[in-house]
Amino acid sequence: MTAVSPHSFTDRRVLVTGASGGIGRATAHAFAQAGARVAVHYHRREEEARTTLSGLAGSGHLLLRADLDDDEDCRRLIAESESRLGGLDILVNNAGLYLRRPFALHDDESWRTEFRRQLRVNLEGPAFLAYLAARGMIARGYGRIVNVGSRGAYRGEPEAPGYGAAKAGLHALTQSLAQALAPYGVAVTAVAPGWVETAMAEEHLRGPEGAAIRAQSPLGRVARPEEIARTILFLADDDAEYLTGSILDANGASYLR
Ligand SMILES: NC(=O)c1ccc[n+]([C@@H]2O[C@H](COP(=O)([O-])OP(=O)(O)OC[C@H]3O[C@@H](n4cnc5c(N)ncnc54)[C@H](OP(=O)(O)O)[C@@H]3O)[C@@H](O)[C@H]2O)c1
């Protein structure tokens, strides 16, 4: 019987989007700890992204800025990751945008603007990055793409319907790409977290609804970013090929489907 080995990503080249904090930072740390070289992507929080970079174990990591709402930025992000890392084995589509707006209080123009922006940042951008990265992966016959979706895709996002719709789209994209890319050695998966202790959730967790949010899980708490990072590494593993197409719930049994 073959022994089950712990995750090793020695010499793997990884791009983690949205690594200026939260899940992305924890994921960059976990990959670097496991021997990978990491491209740390950020959008606005440069200082925080530099903190991520300087805390990574090992060497050969780099920092890249891009707005996922901008096609040229997306092209440059993949091209620079590939040229500076010498190729790209793993793409983690983690960056995301959640705009909390009471549904009834929108005027027409801002509703359309914000809905579209959430679709672009949470779905179109990651889809384009996956397309661009997959070309190199197909050429080398190996790749892993892990998308960070959300429980909200299933449970609903009444205060951010654009976010919920985009994440549902990201899950569907994961399944389509898994089928399309399997023949080329590229596995595509997603993780669907419930609440996670990050900047994105801070306002909710610190607010009056914080206790009720924690009580959604029978564990009585929300996830730590490191727990989601571990799930991402599990999905990105060499041995995880047969998980392709999976969308793994990581929500502390707060929503069972
Ligand atoms: N926290 C939760 O409860 C929760 C639950 C389910 C799913 N998720 C998902 O987990 C992922 C990571 O979020 P997080 O919780 O770790 O929150 P976070 O710390 O706020 O991270 C969000 C990341 O997305 C980046 N980003 C936002 N808009 C962008 C844009 N236009 N272009 C490029 N990057 C952009 C941010 O970059 P800058 O900060 O540098 O601008 C940041 O690095 C997201 O996809 C989120 O939807 C989170």
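Mind checking which residues of region 212-225 are small (Gly, Ala, Ser) and either surrounded by 19 or more Cβ atoms within 10 Å (Cβ to Cβ) or in contact with a Pro (Cβ under 7 Å, 6 or more places away or on another chain) (or both)? Please lay out each step first, then the result.
Of the residues in region 212-225, the ones small (Gly, Ala, Ser) are 212, 215, 217, 220, 223.
Correct list: Ala223 only.
Taking the criterion of being free of Cβ contacts under 8 Å to residues at least 24 places away in the same chain and under 18 Å from the mean Cα position of the chain (by Cα), the only residue of region 71-97 that qualifies is Asp73. Applying the set (1) without any contact (Cβ under 8 Å) to a residue 24 or more places away in the chain; (2) surrounded by 14 or more Cβ atoms within 10 Å (Cβ to Cβ) to Glu209 leaves exactly one unmet item: (2). Going by what's in this entry, would Asn122 be described as within 14 Å of the chain's Cα centre (by Cα), of a type in the set (S, T, N, Q) and under 20 Å from Leu243 (Cα atoms)? Here the answer is no, as Asn122 does not meet what is asked. Please verify whether Gly141 is of a type outside the set (A, V, I, L, M, F, W, C) and either crowded, with 23+ Cβ neighbours inside 10 Å or more than 16 Å from the ligand (Cβ to nearest atom) (or both), treating the condition exactly as stated. Judged against the criteria, Gly141 is a match. Restricting Leu91, Leu99 to residues that are modelled with pLDDT under 95, within 14 Å of the ligand (Cβ to nearest atom) and under 22 Å from Val191 (Cβ atoms) narrows the list to Leu99.
The condition of being more than 27 Å from Asp89 (Cβ to Cβ) and in contact (Cβ under 8 Å) with a residue 12 or more places away in the chain holds for Pro218. Might you let me know whether region 166-183 holds any residue that is at pLDDT below 95 and open to solvent by less than 10 Å² (accessible area, probe 1.4 Å)? Scanning region 166-183 turns up no residue that is at pLDDT below 95 and open to solvent by less than 10 Å² (accessible area, probe 1.4 Å).
Looking only at region 189-202, decide whether some residue is more than 11 Å from the ligand (Cβ to nearest atom) and at pLDDT 95 or above. Before the answer, list the steps.
Here is the first cut: in region 189-202, the residues more than 11 Å from the ligand (Cβ to nearest atom) are 189.
The next check asks that each one be at pLDDT 95 or above; those that pass are 189.
Yes, that holds for at least one residue.
Summed over region 144-156, the residues that are open to solvent by less than 40 Å² (accessible area, probe 1.4 Å), touching a residue at least 24 places away in the same chain (Cβ under 8 Å) and more than 10 Å from the ligand (Cβ to nearest atom) give a count of 3.
Residues in region 157-176 that are touching a strand residue (DSSP E or B) at 6+ places or on another chain (Cβ under 7 Å) and within 10 Å of the ligand (Cβ to nearest atom): Leu170 only.
Just one of the listed residues (Arg120, Arg135, Arg84) is open to solvent by 20 Å² or more (accessible area, probe 1.4 Å), at pLDDT 95 or above, within 13 Å of the ligand (Cβ to nearest atom) and not in a strand (DSSP E or B), and it is Arg120.
Rundown of residues vs (1) open to solvent by 40 Å² or more (accessible area, probe 1.4 Å); (2) near the ligand (Cβ under 9 Å from one of its atoms), yes/no style:
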residue: Ser8; (1), (2): yes, no
residue: Val40; (1), (2): no, no
residue: Ala49; (1), (2): no, yes
residue: Leu53; (1), (2): yes, no
residue: Ala57; (1), (2): no, no
residue: Leu63; (1), (2): no, no
residue: Ile78; (1), (2): no, no
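Residue count for region 123-132 satisfying the condition of being within 14 Å of Arg76 (Cα to Cα) and open to solvent by 40 Å² or more (accessible area, probe 1.4 Å): 2.
Of all residues in region 226-251, those that are of a type in the set (Gly, Ala, Ser) and touching a Pro at 6+ places or on another chain (Cβ under 9 Å) total 1.
The values are calculated or read from the model by the stated rules, or taken from the named source; none is laboratory data. Because the structure is predicted, anything quoted here is derived from the model rather than measured. Here Cβ is always computed from backbone atoms with ideal geometry, including for glycine, and neighbour counts include all displayed protein chains. Just so you know, the surface numbers come from the protein's heavy atoms only, side chains and all, with ligands and any DNA or RNA stripped out. Shrake-Rupley method; radii C 1.70, N 1.55, O 1.52, S 1.80 Å.
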